[in-house]
Amino acid sequence: MKIVNVVLLLCLSVTRAQGDHTGGPENDAKHSLGEPGPAGGCVSDGAILTELRALRDMVADQRVQLSGQVEEMRRDNAALEARLNLSEHHVEELKAENEGRPKVAFYTALTNSGHVGPFNTETPLVYSKVFTNIGNAYSPVTGVFTAPVRGVYYIRFTALGYSSPRTVAGVTMFKNDLQIMHNGVYNTDGQHKFVVNAVTVELEQGDKIMMRLPSGYGLYDDISNYTTFSGFLLFPM
Ligand SMILES: *[C@@H]1O[C@H](CO)[C@@H](O)[C@H](O)[C@H]1NC(C)=O
Ligand SMILES: *[C@@H]1O[C@H](CO)[C@@H](O)[C@H](O)[C@H]1NC(C)=O
């Protein structure tokens, strides 16, 4: 409707310009405007009407086009919102899953007091320096790690044998009463010997992992943390 008003105003101002003056440059203006109407003014009524109708049709066309575009945008928006909702839902799910996931990790070392063993019998090793014990699954009293949940665990050890007197260095790992690993090394040259290894093991809730010193074996540890026992829950099952 604004366009129509502009056309009418334009028409009226031209008419006034022509009526107010005579002669001179105004006559030229009159000629350049083409056919003067019977009222000495504007383009003919018929032409204006045609022009207005064309404008009206154009506006109507554009309105139809615009409403189509708006509808399309609305659909796009709804699709985006649905995807966003889905993503938010997934994030919430992951967050809940992560928060509910038990956190289990421990890192210990045997002692600061040097030689341990050899003994006449197999002896439980109690790692007394507890540096990390998330979830409190390792007991520094018994030296036993107890699985708080069913899952796959990664358990590892390092063990240092001492150089003198010459003893065999090594440890045995137990799952409950079952031996699951034995590693040892003979000291043939009077040098310190290291044994390190790890297992990836499935544990039921309450299963126990412990290290034992075989009869006749000797280990060494001091503030350097040579002889360690550590592990973590890889994932629950
Ligand atoms: C997206 O989630 C909001 C708030 O939960 C809800 O009002 C809206 O209807 C959802 N939209 C879609 C497309 O699911
Ligand atoms: C032994 O381990 C603890 C804990 O990680 C650390 O603070 C300490 O410095 C370690 N000792 C040596 C000599 O590396």
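Tell me the per residue accessible area of the range 157-237 using a 1.4 Å probe; a whole number in Å² is fine. Write out the running numbers ahead of the final one.
Numbers: 3840 Å² over 81 residues.
I get 47 Å² per residue for the range 157-237.
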Over all alpha-carbon pairs in the range 105-236, figure out the percentage whose distance exceeds 23 Å.
27 percent
Hey, if we sort Glu81, Glu99, Glu71 by accessible area with the 1.4 Å probe, largest down, what's the order?
Glu99, Glu81, Glu71
Segment Val141-Met73, extension gain: residue separation times 0.36 nm, minus the distance between their alpha carbons:
17.7 nm
Length added when fully stretched, Met181-Asp61, from 0.36 nm per residue minus Cα-Cα
34.9 nm
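Once R0 is set to 41 Å, what does the formula 1/(1 + (r/R0)^6) return for the Cβ-Cβ distance between Ser164 and Val199, expressed as a FRET efficiency to the nearest 0.05?
On the way: r = 31 Å, r/R0 = 0.76.
The calculated FRET efficiency here is 0.85.
Calculate, for Glu88 and Lys129, the FRET efficiency according to 1/(1 + (r/R0)^6) with r their C-beta to C-beta distance and R0 45 Å; round to the nearest 0.05.
Details: r = 45 Å, r/R0 = 1.01.
According to the calculation, E is roughly 0.50.
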Got the relative contact order for the range 120-237 handy, in percent, Cα pairs under 8 Å and 6 or more residues apart?
38 percent
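The values are calculated or read from the model by the stated rules, or taken from the named source; none is laboratory data. Keep in mind it's a predicted model, so treat the numbers as computed, not measured. As a convention, Cβ positions derive from the backbone with ideal geometry for all residues, glycine included, and neighbour counts pool all protein chains shown. Heavy atoms of the whole protein, side chains included, go into the accessibility calculation; ligands, DNA and RNA do not. Shrake-Rupley method; radii C 1.70, N 1.55, O 1.52, S 1.80 Å.
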